[in-house]
Structures are given as C-alpha cells and as structure tokens.
Amino acid sequence: MNDYDDFAEAYATENEHSLVNAYYERPAMLALAGEVAGRRVLDAGCGSGPLSAALRDRGAVVTGIDASAGMLALARRRLGADVPLHRADLRDRLPFEDGAFDDVVASLVLHYLEDWGPTLAELRRVLRPGGRLIASVDHPFVAYTFQEPRPDYFATTSYTFDWTLGGRSAPMKFWRKPLHEMTEALTTAGFRLSALSEPQPDPAARALFPDDFHGLATTPCFLFFVVEVPPAAPDR
C-alpha cells in the first residue's frame, strides 16, 4: 500500500487550499508551463488531480499517473472520465510509447527518489523531441537547514518527518540532493536546462495568510526546473 493511501482525502483537502500548494507551487508550475492548449501533458505523480484539472482547463490533453490508489480514486472523482489515469510507480517503466507526450509535469515528486537516473530516463523516453519536463522539488537549501545534525551539503541524504493529517500520522521520507547533483542528473538523462526558478507566492495570499506570507516570500521553499529534450536533428 502507498503511504498516501492512509490519508489521501485529508492530504487532498490540505493541498487544495494551502498557502504553499494553492498559492505558491501550483501557480508557479502553471506559469512555467505557459500556453498548453492542445499539448499532450503527462502529470507524473498527479495525486488527487488539482494540477491535472488546471492544465485540462487550459486546453491541455492530460494523462495522469500516481502510485497511490487512494489518490487516483480522488483524481477520478475530480477529473471524470475524460482524463486517462494510470497507477504507476515512477521507479518502473511507464505504460506509454516513446514520444507520447509534449510535456511532463512532475510536481513535488522527484525528492521521494534516491536515484533520479532511471526515472528521468523514462520521462525523457515518453517525451517527443523538443518536449519539456517541468518539475518542482524541495529546495536543497531548505532541506539542508531542516536536518539536525546538519549533514554534508554535497552528499545525497535522506530525512524523515511525520505528517499528521485527518487524525493520522505517517513518517514521510525524502531525499535531499545538492543543486549540482540535480542538474547533473537532468543533463545526464539527456535534457537541456531551459529555466531554473525560485518564484514568489501569489500576492493574493498576503491577505489570506497574513502570519505565514512573509516567511514564504523571503525564504526559499521549492526549486523549479524546466528542461527540454533536444529537438531531432534535421534530415540531410
């Protein structure tokens, strides 16, 4: 059973309206994606489907995958029958043909993986030449300062903390990598870096979250990448 199955409903409710998700991470992902009308988009780690829904509403042709059956059930309830959803682990081969998508969005999922290599290779495989991977992860600086005792910044290290939602607590494990290791993993997989972003939260959140807005606006929380598959070489 996936860790999220135990509190899928509570997590989805929190994700829907929280400062860091609804007014920071999700708007940043959508801004980086830009114009998506008519583009085939894979939401890798779609959870309960809020990003999939936003992309679909902007005209994208969306497919979602997630390892949690509980999350996928919530996504199906939200998205209806017009968005294909698949249960799939990002550590495994994906159930799609080569070049099936124009874009992949990976929202706060890569930091669950110790080794990005096999996953990035699969994401590159299912993208067409010229396609994009748009990803957000825990910022390596924040994850570094979170850990006690302070680890070697240049090492890949794991850290665990308890999430308590809906009256249930579960230990969640994440992997922190230094920035150079993240970018090296992306380029080794054959991607070309297009953008590296540390965005600000939506200004509308200032009135809604007066106690927390300043901290999020002045301290990095997540790091965002846009990387591209190099276009196919022209025929000679």
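The values are calculated or read from the model by the stated rules, or taken from the named source; none is laboratory data. Given the structure is predicted, the values throughout are model-derived calculations rather than measurements. No Cβ is skipped: glycine too gets one built from the backbone with ideal geometry, and neighbour counts run over all protein chains shown. When the accessible area is computed, the model is the full protein with side chains, heavy atoms only, and any ligands, DNA or RNA have been set aside. Shrake-Rupley method; radii C 1.70, N 1.55, O 1.52, S 1.80 Å.
Points to keep in mind about this one:
- Label-to-label distance for ASP212 and THR145 is 1.7 nm, based on points extended 7 Å past Cα in the beta-carbon direction.
- For the chain, the dipole from Cβ point charges (+1 on Lys and Arg, -1 on Asp and Glu) about the Cα centre works out to 540 debye, to the nearest 20.
- Unit Cα scatterers, Debye sum, region 73-130: log10 I(q)/I(0) for q = 0.15, 0.27, 0.31 Å⁻¹: -0.52, -1.22, -1.29
- For region 1-139, the solvent-accessible area of protein heavy atoms averages 39 Å² per residue (probe radius 1.4 Å; ligands and nucleic acids excluded).
- Equivalent ellipsoid dimensions for region 1-117 as semi-axes, Å, which come from the Cα gyration tensor, largest first: 19, 18, 15
- Normalised by the number of residues in region 44-177, the average gap of Cα pairs under 8 Å and 6 or more apart makes the relative contact order 19 percent.
- Database remark: amide H of VAL109 closer than 5 angstrom to the amide H of SER136 (H placed geometrically; neighbours at sequence offset of 5 or more, or on other chains; Pro and chain starts carry no H).
- Geometric extent, Cα atoms of region 1-67 - Rg, Dmax (angstrom): 12.4, 36
- Here the alpha carbons of region 105-147 define both size measures, Rg and Dmax, at 12.4, 39 Å.
- Here is the list for region 153-223: chymotrypsin sites (Phe, Trp or Tyr not before Pro) lying in DSSP coil, each with at most 16 other C-beta atoms within 10 angstrom of its C-beta, are TYR153, PHE154.
- Taking amide hydrogens as placed 1.01 Å from N in the peptide plane, the amide H of ALA67 sits under 5 Å from those of ALA88, each at least 5 positions away in sequence or on another chain.
- Taking all pairs of distinct alpha-carbon atoms in region 41-88, Kirkwood radius in angstrom: 10.0 Å
- Three principal axis lengths of region 134-236 [C-alpha, angstrom, descending]: 62, 35, 27
- With bins 5 Å wide beginning at 0, the percent of Cα pairs of region 78-167 falling in each bin runs 3, 10, 17, 19, 17, 13, 11, 7, 2, 0.
- Ordering ALA8, THR218, GLY64 by the projection of their Cα atoms onto the charge dipole of the chain, which places +1 on the Cβ of Lys and Arg and -1 on the Cβ of Asp and Glu, puts GLY64 at the extreme positive end.
- Bins of 10 Å, starting at 0 and running to the largest distance - Cα pair percent for region 172-214: 21, 29, 28, 21, 2
- Cα-based radius of gyration for region 120-182, normalised by 2.2 N^0.38 Å, reads 1.46.
- Restricting the GluC sites (Glu not before Pro) of region 32-129 to loop positions (DSSP other than H, G, I, E, B) with no more than 16 neighbouring Cβ atoms within 10 Å leaves GLU35, GLU97, GLU114.
- Å² of accessible area per residue within region 179-233, as computed with a 1.4 Å probe and no ligands counted: 56 Å²
- Accessible carbon and sulfur surface of the chain relative to its total accessible area, %, 1.4 Å: 52 percent
- Cα gyration tensor shape of the chain, rounded if a/c is under 1.5, else prolate or oblate by comparing a/b with b/c: rounded
- Neighbours of TYR144 by Cβ distance under 14 Å: Lys/Arg scored +1, Asp/Glu scored -1, total -1.
- The mean sequence separation of alpha-carbon pairs under 8 Å and at least six residues apart, normalised by the residue count of the chain, gives a relative contact order of 21 percent.
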